[in-house]
Amino acid sequence: MYSVVIPVYNAQSTLGRCVDSWLAQTRTDLEVILVDDGSTDQSGRLCEEYAQRDKRIRVIHQANAGVSAARNAGIETAEGEFLLFTDSDDYVEADCLEKMSRFQQEAGADLVLCGYHHLYDGADIQKVPKPAGVYRFSDHPEEFLRLYEQGFLNMPWNKLYKKELAGRFDTSLSLGEDLLFNLDYLRTCRTAAVLAEPLCCYIQEEQKETLSSQKRQNRLELARRVCGETESFYEQVG
């Protein structure tokens with residue numbers, strides 16, 4: 001089974017589109033975990049309504065603690081063998097899970113990552129990772145460096161993970177925590193499958209404010225820490 005973790009914070013206007021995109025998947029052996037992170041609008045009520053309508057949906061309510069804590073709560077309760085993440089204002093194509101799971105099974109990969117639609121103020125900018133294929137980390141560190149340079153290691157929402165290999169998001173960080181989560185995962189990962197198709201839809205608006213885009217403090221200090229850990233990672237594995 002596949003567990004989809006969706007952190008939710010004041011997302012009443014976009015939550016339906018996000019959840020519906022997962023419920024409409026052509027592959028149906030999934031659970032959707034909605035983590036209501038202290039929303040002050042009607043998001044919590046909407047989560048419960050979805051859970052009443054579809055048994056594949058589970059809801060967690062917690063005091064506001066941030067996107068990393070919300071994702072960690074979802075990981076802790078996930079029952080699937082595989083993990084996926086989506087932000088509550090984004091959504092996925094109807095065949096996203098089918099294509100990513102099939103690619104994982106065919107390749108026997110520990111990680112699958114795909115491209116995405118960057119929807120920015122009405123424009124659809126398709127971001128596709130190159131080159132596509134299946135890579136063993138120990139044999140092709142340069143391919144992972146190329147993915148990093150293209151920006152495909154910075155987010156969790158275009159990837160399929162094995163739960164048994166997944167760590168946790170660092171709740172002390174408000175910048176770069178997604179990249180560090182992925183780098184930690186890659187340390188335990190043997191093979192990665194790169195799918196050159198845009199299957200996720202990332203919405204970016206001028207006034208977008210979610211759990212993962214709230215104002216960051218101490219940006220320079222955090223950026224230095226992330227850069228240092230990224231450099232250390234590539235020295236270690238490359």
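Quick look at the numbers
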read-out: Test for Val35: is it in contact with a Leu (Cβ under 8 Å, 6 or more places away or on another chain), aliphatic (A, V, I, L, M) and open to solvent by less than 40 Å² (accessible area, probe 1.4 Å); value: no
read-out: Meets criteria (in contact (Cβ under 8 Å) with a residue 24 or more places away in the chain and either of a type in the set (Phe, Trp, Tyr) or within 18 Å of Ala11 (Cβ to Cβ) (or both)) for Ala94; value: no
read-out: Out of Tyr116, Tyr148, Tyr185, sole residue that is of a type outside the set (Val, Ile, Thr) and in a strand (DSSP E or B); value: Tyr116
read-out: Extreme residue, nearest to Asp170 (Cα to Cα), among residues of the range 61-76 that are open to solvent by 40 Å² or more (accessible area, probe 1.4 Å) and either in contact (Cβ under 8 Å) with a residue 60 or more places away in the chain or outside any loop (DSSP other than H, G, I, E, B) (or both); value: Ala65
read-out: Residues that are within 18 Å of Ser3 (Cβ to Cβ) and open to solvent by 40 Å² or more (accessible area, probe 1.4 Å), drawn from the range 104-121; value: Gln105
read-out: Filter result (open to solvent by 20 Å² or more (accessible area, probe 1.4 Å) and in contact (Cβ under 8 Å) with a residue 24 or more places away in the chain) within the range 38-49; value: Gly38, Ser39, Thr40, Asp41, Gln42, Leu46
read-out: Boolean, Leu83 is in a helix (DSSP H, G or I), in contact with a Lys or Arg (Cβ under 7 Å, 6 or more places away or on another chain) and surrounded by 15 or more Cβ atoms within 10 Å (Cβ to Cβ); value: no
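The values are calculated or read from the model by the stated rules, or taken from the named source; none is laboratory data. Keep in mind the model is a prediction, meaning the values are calculated, not measured. Cβ sites come from the backbone with ideal geometry, for glycine too, and all protein chains shown count toward neighbours. These area figures cover heavy atoms from the full protein model, side chains too; ligands, DNA and RNA do not enter into them. Shrake-Rupley method; radii C 1.70, N 1.55, O 1.52, S 1.80 Å.
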